[in-house]
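Coordinate-derived values only; no laboratory data. Keep in mind that what you see is a predicted model, and the values were worked out from it rather than measured. Heads up, the Cβs are rebuilt from the backbone with ideal geometry, glycines too, and the neighbour counts pull from every protein chain shown.
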Amino acid sequence: MSLIQSAISRYQEAIYQVAVSVSQFERETLHIPLACCFFTPTAGPDEQFDQGFMFVITPVWAFVIMPLLDWTFGNWPSLFGDRAPWRYVGTYLLLISTFWAVIVMCRMMD
């Protein structure tokens, strides 16, 4: 197994573990009904990885990549100006709700 394959395997395992942990937290601690959970309880490892990736990439995109792109292209908003950083929070909420809606709709179609 090469170094790249090993890194990819470890990455997939880490995302899968995040998905399993958050799925258990949703069901056992928050007591969210199964139809409304972000993570499908009966999903296989591949589907759990996909859902975990969407769960992890959303805050990374909204709170790391978008500000870096804004800073790179000179569109960095002032902290208290008209374009305050609250737009990053709005982007996060939009992405996470869109992913959640798609997951729930796909679950209903099965």
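Which angle between 0 and 90 degrees, to the nearest 10, do you get for helix 45-60 versus the longest principal axis of the chain when only C-alpha atoms count?
So the inclination is approximately 20 degrees.
Just tell me the longest site-free run in the chain, where the sites are chymotrypsin sites (Phe, Trp or Tyr not before Pro) in a DSSP loop having at most 12 other beta-carbon atoms within 10 Å.
Formally, the longest exposed-site-free interval is 1-72.
Averaging over all projection directions, find the projected area of the Cα convex hull of the stretch 3-109 and quote it in nm² with one decimal place.
For the stretch 3-109, averaging the hull's shadow over all directions gives 9.1 nm².
Where the centroid of each part is defined by its Cα atoms, how far is the stretch 11-44 from the stretch 95-109 in Å?
Distance between centres, Cα-based: 14 Å.
Give the angle, between 0 and 90 degrees and rounded to the nearest 10, that separates the Cα long axis of helix 86-109 from the longest principal axis of the Cα atoms of the chain.
Taking the Cα atoms of the chain, the angle to 86-109 is about 20 degrees.
Can you compute 3J(HN,Hα) from phi for each residue in the stretch 21-29, using the Karplus curve 6.51 cos²θ - 1.76 cosθ + 1.60 with θ = phi - 60°, rounded to whole Hz and x for Gly and Pro?
5, 5, 4, 5, 4, 4, 6, 8, 9
Quick one: if you stick a label point 7 Å off each Cα along the C-beta vector at SER21 and THR42, how many nm between them?
Modelled inter-label distance: 2.8 nm.
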